[in-house]
Amino acid sequence: MSESLLTVDGLTVHLPSAARPVIADVSFALAPGECLGVVGESGSGKSVTARSILGIPPAGMSASGTIQFGSHTYDVTDAETMRRWRSKHVGVIFQDPASVMDPTRTVGDYLTEVLVYERRMRRTEALLKAAEMLTSMGLSDPRALLDRYPHEFSGGQLQRICIAAALLPDPDLLIADEPTTALDNTTQALVIDLLDRARRERQVSTVFITHNLELALAFCDRIAVAYAGRIVEIGDTRTVARGGHHPYTDALLRCQPDVSRRHETLPVIAGQPPTLAQPLTGCVFRERCPRATDACVELPAWTAEDERLGYACVHPMTPGTTPSGVHDAA
Ligand SMILES: Nc1ncnc2c1ncn2[C@@H]1O[C@H](COP(=O)(O)OP(=O)(O)OP(=O)(O)O)[C@@H](O)[C@H]1O
Ligand code: SF4
Ligand SMILES: [Mg+2]
């Protein structure tokens, strides 16, 4: 694997009212053209991680840490530098497209903003490019759509418009937060194919955030597993598909519906993820972990398999050896 395009180092986010960091010491590297999936339960900090990498944590939260992009290192608290970096290099697909679109401006304005103001493209040319991109997203009559306002679209249409806006300026890096959640299966396949082509043809690196582990396994090169604001494992897709090293990775995989086991009761992970009101000490998964021992009262160190793969667990599993054998077919 070639040198990293993006390296995130020690990203930590605090919320004054919370008893623990919203995300803590998130670190990973991404190579050109690589796709890293970020998976985890609702509330595990996936969206806060995405926004903080971009230098725009949610209101009321403060982020610290650095990102290295190419040969430059940026402090995520340096708002103006981060804004310039984003507009030049990054395409962003937000989880809730409606929340980032100005309801008083047309979709055409939204789609062409970066091309016209940052890339100095003529507006007519930018609109033509935007219409082509909407067509490739499976939206018909794109010229008419450009004159419409966000409230005139369905959730799935808005999500595709948001994806088009992210891809239009030919970014080097794509941060995609649940990009296909609001889409039907056919449109999801179309969008995934577009993202895949951007990765293969233009070496676009992607951070692909999803709660859909199956989709992440199908699309990504590596998977980062998030729990209670921490990355507990980063594994290559094949290893994660076999249960990974971390008991939470294994538990997540067991919870995936599987048509071949449709008559069995779907396993669930006992207990609930900790809220932000709960201070955490030791391993974050300790309260729900079937392998927990007294050794887990200390925060487990990161065991690096190599510079790109590793896990935080003192009693790691051997991938593919889950007693029930549910991962053996992977
Ligand atoms: N603006 C905010 N103000 C206060 N707390 C917030 C805010 N945004 C997120 N949180 C809290 O931060 C934690 C992480 O939220 P985040 O949105 O990153 O979760 P997520 O993993 O993206 O979940 P989901 O899969 O549901 O999108 C949660 O406990 C959430 O309640
Ligand atoms: S460190 Fe202990 S509690 Fe945490 S995942 Fe590993 S075995 Fe479970
Ligand atoms: Mg989210």
Looking only at the stretch 267-300, which residues are over 17 Å from residue 42 (Cβ atoms) and either β-branched (Val, Ile, Thr) or away from ligand 2 (no atom under 16 Å from the Cβ) (or both)?
267, 279, 281, 293, 297
Can you name the condition, by its number, that residue 165 falls short on among (1) under 23 Å from residue 117 (Cα atoms); (2) open to solvent by less than 10 Å² (accessible area, probe 1.4 Å)?
(2)
Screening 93, 175, 192, 161 for residues that are in contact with an Asp or Glu (Cβ under 7 Å, 6 or more places away or on another chain), within 27 Å of residue 69 (Cβ to Cβ) and among the aliphatic types (A, V, I, L, M) leaves only 93
Taking the criterion of being of a type in the set (Val, Ile, Thr) and touching an Asp or Glu at 6+ places or on another chain (Cβ under 6 Å), would at least one residue in the stretch 47-70 satisfy it?
yes
When you scan the stretch 181-188, do you find a residue that is within 13 Å of the chain's Cα centre (by Cα) and not small (Gly, Ala, Ser), even just one?
yes
Collect the residues in the stretch 19-35 that are surrounded by 17 or more Cβ atoms within 10 Å (Cβ to Cβ) and either within 15 Å of ligand 1 (Cβ to nearest atom) or among the aromatic types (Phe, Trp, Tyr) (or both), keeping them in residue-number order.
20, 21, 22, 23, 24, 26, 28
Hits in the stretch 72-98 (condition: part of a loop (DSSP other than H, G, I, E, B), among the charged types (D, E, K, R) and touching a residue at least 12 places away in the same chain (Cβ under 8 Å))
78
Extreme residue, farthest from ligand 2 (Cβ to nearest atom), among residues of the stretch 34-71 that are among the charged types (D, E, K, R) and not in a loop (DSSP other than H, G, I, E, B):
51
Among residues of the stretch 99-111 being in contact (Cβ under 8 Å) with a residue 40 or more places away in the chain and assigned to a helix (DSSP H, G or I), the residue nearest to residue 152 (Cα to Cα) is 107
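Yes or no, residue by residue, for (1) charged (D, E, K, R); (2) at positive phi; (3) open to solvent by 10 Å² or more (accessible area, probe 1.4 Å); (4) within 16 Å of ligand 2 (Cβ to nearest atom):
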position: 185; (1), (2), (3), (4): no, no, yes, no
position: 194; (1), (2), (3), (4): no, no, yes, no
position: 208; (1), (2), (3), (4): no, no, no, no
position: 213; (1), (2), (3), (4): no, no, no, no
position: 216; (1), (2), (3), (4): no, no, no, no
position: 229; (1), (2), (3), (4): no, yes, no, yes
position: 232; (1), (2), (3), (4): no, no, no, yes
position: 238; (1), (2), (3), (4): yes, no, yes, no
position: 241; (1), (2), (3), (4): no, no, yes, no
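The values are calculated or read from the model by the stated rules, or taken from the named source; none is laboratory data. Quick caveat, the model's predicted, so the values are computed rather than measured. Positions of Cβ are generated from backbone atoms using ideal geometry, with glycine treated the same way; all protein chains shown enter the neighbour counts. These accessible areas exclude ligands, DNA and RNA; they are computed on the full protein's heavy atoms, side chains included. Shrake-Rupley method; radii C 1.70, N 1.55, O 1.52, S 1.80 Å.
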